[in-house]
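J.: First the structure, which I've put down as C-alpha cells, then a few questions once you've had a look.
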Amino acid sequence: MRVVAEDGADGAGAPTRPPADVPSVRAALRLPGGPVDLTAIDPRATPAFTGDKAAALADIAAMAPRLAELQEKLYAQAVAGGARRRVLLVIQGMDTSGKGGTVKHVIGQFNPSGCHIHAFKAPTEDELAHPFLWRVREQVPGPGLIGVFDRSHYEDVLIARVRNLVPRQVWSRRYATINRFERGLAEDEVTIVKVFLHISAEEQKERLLARLDNPEKHWKFNPQDIDERAVWPEYQGAYQVALEKCDGLAAPWYVVPSDRKWYRNWAISRLLLEHLVELDLRYPPGAFDVESERKRLLDS
C-alpha cells in the first residue's frame, strides 16, 4: 500500500497537520456532558466551519493526501513494525442520514486494502443465538486497519428498545456492557471514533421523496422507512439515552449535523484526520542495513 500525491510525487513528505486556522472539529462536535437534548442541536449547523460548500469540497480534496499518508503509516507500523494500533469509525443515524454516503465520500479517500467495512443488518438466527456483541467482535478491524461500522452494536439499544424486540430488563443492561466492550477495545489500541449523523425529520422526508421520485433510486427505498418515521420521537429519545450513557473517555460521541451532506463529509474527514494526527504515526525503520542492501542490489 503506497501513497502517491496528486501531482505524482511520493506522499511521504506531505504535511500531516491541518492548517492552524481550522478550529478543532473534535472540540466543536463533542458532547458537553450531562443530559443530551438533540432538539438543541441544529441539524443544518456547520460547527468549526465558516465557509460554503465549495470551500468544504476544496478542503476535503486537500485533506485526501494527508489522510492517505497517515493511513499508510498506520498500516506500515502493523505490517513491518508489529504495532497493534487501528482505527474504528462507528457511524449511527436515522435512515437517509448518510451512513452510506459517509463510506463512499469519506472512506473512499483511503486505500481500500487498508480498510475493513461492515454494514450491520438485522441479526440472523445464528447471530441471535449468541450474545449481542458476538457478531460485533467478529468485525473489529485488525492491526493497521481503518475499520468502519455502518450501524453497529448500538442498534441493540436503539431499534431493540423502540420496537420492543427484547424485554426492557435486557436492553437496559446493554449500555454498561457496551461501555466495557469499548474500554476493552481502547486498551487494545483501537482508536474509536463514534459519530451520530443528526438530521431533521423534514430533511429525511425530502431525501425519501427524492428516492421515490427517481426510478434509479427505488432500490434504495424501503417502505419500512415510512413506518419508522411514525416513531421518530421514540428514536430520538433512544439516541439521547445512548449518547449520554455511552459517552466515555475511551469512546466519546461526536454529533455531526447532517442536513448538509457536504458539511457531514467535511466534518468526518476532519475528525479522522485529527485522530490520526494525534497517533503520531511514523514509518517503521527497516530491519536491515540500507547501504549494504543498496550495494547488493546495484551489484546484482
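J.: Looking for something β-branched (V, I, T) and touching a residue at least 60 places away in the same chain (Cβ under 8 Å) - is there at least one such residue anywhere in region 248-261?
T.: Looking through region 248-261, at least one residue is β-branched (V, I, T) and touching a residue at least 60 places away in the same chain (Cβ under 8 Å).
J.: Restricting attention to region 159-183, and to residues there that are open to solvent by 40 Å² or more (accessible area, probe 1.4 Å) and not in a helix (DSSP H, G or I), which single residue is nearest to Q92 (Cα to Cα)?
T.: For region 159-183, the residue satisfying everything is R163.
J.: Okay, next question. What's the number of the condition A160 fails, among (1) in contact with a strand residue (DSSP E or B) (Cβ under 9 Å, 6 or more places away or on another chain); (2) farther than 24 Å from P47 by Cβ; (3) of a type outside the set (K, R)?
T.: (1)
J.: Within region 46-66, restricting attention to residues that are of a type in the set (G, A, S) and in a helix (DSSP H, G or I), which residue is nearest to R264 (Cα to Cα)?
T.: For region 46-66, the residue satisfying everything is A56.
J.: Take L89 and tell me if it is crowded, with 21+ Cβ neighbours inside 10 Å and of a type in the set (A, V, I, L, M).
T.: Yes.
So that you can scan it fast, the table gives a plain yes or no per residue for (1) open to solvent by 80 Å² or more (accessible area, probe 1.4 Å); (2) in contact (Cβ under 8 Å) with a residue 40 or more places away in the chain:
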| residue | (1), (2) |
| --- | --- |
| D188 | no, yes |
| L197 | no, yes |
| A201 | no, no |
| Q224 | yes, no |
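J.: If we keep just the residues of region 125-158 that are open to solvent by less than 70 Å² (accessible area, probe 1.4 Å) and free of Cβ contacts under 8 Å to residues at least 12 places away in the same chain, which is farthest from K104 (Cα to Cα)?
T.: Within region 125-158, the match that is farthest from K104 (Cα to Cα) is H130.
J.: Condition test on E216, is it farther than 22 Å from G237 by Cβ, open to solvent by 60 Å² or more (accessible area, probe 1.4 Å), under 18 Å from the mean Cα position of the chain (by Cα) and not β-branched (V, I, T)?
T.: For E216, the condition - farther than 22 Å from G237 by Cβ, open to solvent by 60 Å² or more (accessible area, probe 1.4 Å), under 18 Å from the mean Cα position of the chain (by Cα) and not β-branched (V, I, T) - is not met.
J.: Consider R270 carefully, then state whether it is modelled with pLDDT of 95 or more, surrounded by 16 or more Cβ atoms within 10 Å (Cβ to Cβ), under 18 Å from L88 (Cβ atoms) and of a type outside the set (D, E).
T.: Judged against the criteria, R270 is a match.
The values are calculated or read from the model by the stated rules, or taken from the named source; none is laboratory data. As the structure is a computational prediction, the values presented were derived from the model and not from experiment. Ideal geometry is used to build each Cβ from the backbone, glycine not excepted, and the neighbour counts take in all protein chains shown. Heavy atoms of the whole protein, side chains included, go into the accessibility calculation; ligands, DNA and RNA do not. Shrake-Rupley method; radii C 1.70, N 1.55, O 1.52, S 1.80 Å.
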